[in-house]
Every structure is written in C-alpha cells, then in structure tokens.
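*Asks:* One structure coming up, written as structure tokens, with questions to follow.
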Amino acid sequence: MTSRALCPIEGVTREDTPAALIVQPGQATTASLTDGAIELLTDKGAVSAGRLTLATGADGAPPHHHKLSHEAFYVLDGTMVFRLGDTLTTVEEGGLVVIPAGLAHAFGAAEGEVADVLFLLSPGIERFEFFEQPAAICRGDGEFTSLLPVQDRFDVHLEDIPDWRSAPRR
C-alpha cells in the first residue's frame, strides 16, 4: 500500500517547488555600527533576517514602525530593552518579542548589558540598503535626515520619540 504523502499531487511538479535558502557562516553581509555590528542574512521573499550585536547599553534602532511587516526578535545572549508603543519591557536571553505591523517600537541593549539578537521581518522587503544607512550615520558618513525620503521604500517609518528609553508620562 502506498502512503498518500508519497503520492504525487496532480498538477504539481518538482519545478513548482521553491528552493530553500541557506546562508552558511561567513556568507552574510555585515555592517559595523558605532556600538555593535549587524549581520544581514537575507532580505528577500517571505522574510528578512539578521543578527544584531550591541555593546553595553547601546541603542539598536531609532523609534519606528513598519506598515507592512511584522518583526520578531529572539534574544540569543544578554538583555534587551524594548519600547513597544507606550510600554517599556526588558527581555533576557531566550526571550522572544513579536511586534505587529503598525506598532511603534525601539530597542537596544539594556543598561549595563550587552545583547546579541536574531531579528526577522515578514514579509521580507529588500532592506539591506536601509540597514547600511544607519551604520554609515553612526560612523559619521551620513546624516539622519537621509533616512526620511526612503521610509516608504524600505517600510521603516520613523517616530518622533526623543528619549525612547524613558517611561511615557501619563
């Protein structure tokens, strides 16, 4: 008797099956930040993915939101602080944060802590060029205002929250 799982599905051929994406160690694009580094693993198809390492207490990104993409963070090492809308929360190694599209957020290493975090955005949008711009700004090779005209293109919409690490006043 043949298992149904092994039976071919009518109209589906091997050519219809998408290929898996594999990024081997050393194949990712990297960018140095003033207080860390970003390893850009992929930004095409269903997901954009990267790994962000941050020095003690360093900011990871300015306050922003995504209109199209959901974003997830898995803390590989250290402790992260997140501002999610009007809420501040700390997430330690092994913790997961999933941010829905539209929710303003910012993140960084907690005070006195380093952080290593895997981030995923879905759907994937080609953002590598955007991620390289903040790295250049951190190095003094660009201006923050250069990010404003490209917000729609990269689905990274900046928020005006000057001191995002402070608890919101009620």
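*Asks:* Here is a list: LEU76, LEU41, LEU120. Which entry is without any contact (Cβ under 8 Å) to a residue 24 or more places away in the chain and either touching a Leu at 6+ places or on another chain (Cβ under 9 Å) or of a type outside the set (Val, Ile, Thr) (or both)? Even if it seems obvious, please write down each step before you answer.
*Replies:* Details: LEU76 fails: without any contact (Cβ under 8 Å) to a residue 24 or more places away in the chain; LEU120 fails: without any contact (Cβ under 8 Å) to a residue 24 or more places away in the chain.
When all the criteria are applied, what remains is LEU41.
*Asks:* Considering only residues that are closer than 17 Å to LEU52 by Cβ and either aliphatic (A, V, I, L, M) or open to solvent by 70 Å² or more (accessible area, probe 1.4 Å) (or both), which ones fall in region 87-112? If you could, list the steps in order and put the result at the bottom.
*Replies:* In the first step, residues of region 87-112 are kept if they are closer than 17 Å to LEU52 by Cβ; the result is 90-99, 105-110.
Scanning region 87-112 gives THR90, VAL91, GLU92, GLU93, LEU96, VAL97, VAL98, ILE99, ALA106, ALA109, ALA110.
*Asks:* Kindly provide the set of residues from region 1-59 that are charged (D, E, K, R), at pLDDT 85 or above and either open to solvent by 70 Å² or more (accessible area, probe 1.4 Å) or over 30 Å from ASP163 (Cα atoms) (or both), ordered by number.
*Replies:* Of the residues in region 1-59, the ones charged (D, E, K, R) are 4, 10, 14-16, 35, 39, 43-44, 51, 59.
Among the residues that remain, those that are also at pLDDT 85 or above are: 35, 39, 51, 59.
ASP35, ARG51, ASP59 - these are the residues of region 1-59 that are charged (D, E, K, R), at pLDDT 85 or above and either open to solvent by 70 Å² or more (accessible area, probe 1.4 Å) or over 30 Å from ASP163 (Cα atoms) (or both).
The values are calculated or read from the model by the stated rules, or taken from the named source; none is laboratory data. Small disclaimer: the values here were computed from a predicted structure and weren't measured. Positions of Cβ are generated from backbone atoms using ideal geometry, with glycine treated the same way; all protein chains shown enter the neighbour counts. For the accessible areas, the whole protein counts, side chains as well, though only heavy atoms, and no ligand, DNA or RNA atoms are used. Shrake-Rupley method; radii C 1.70, N 1.55, O 1.52, S 1.80 Å.
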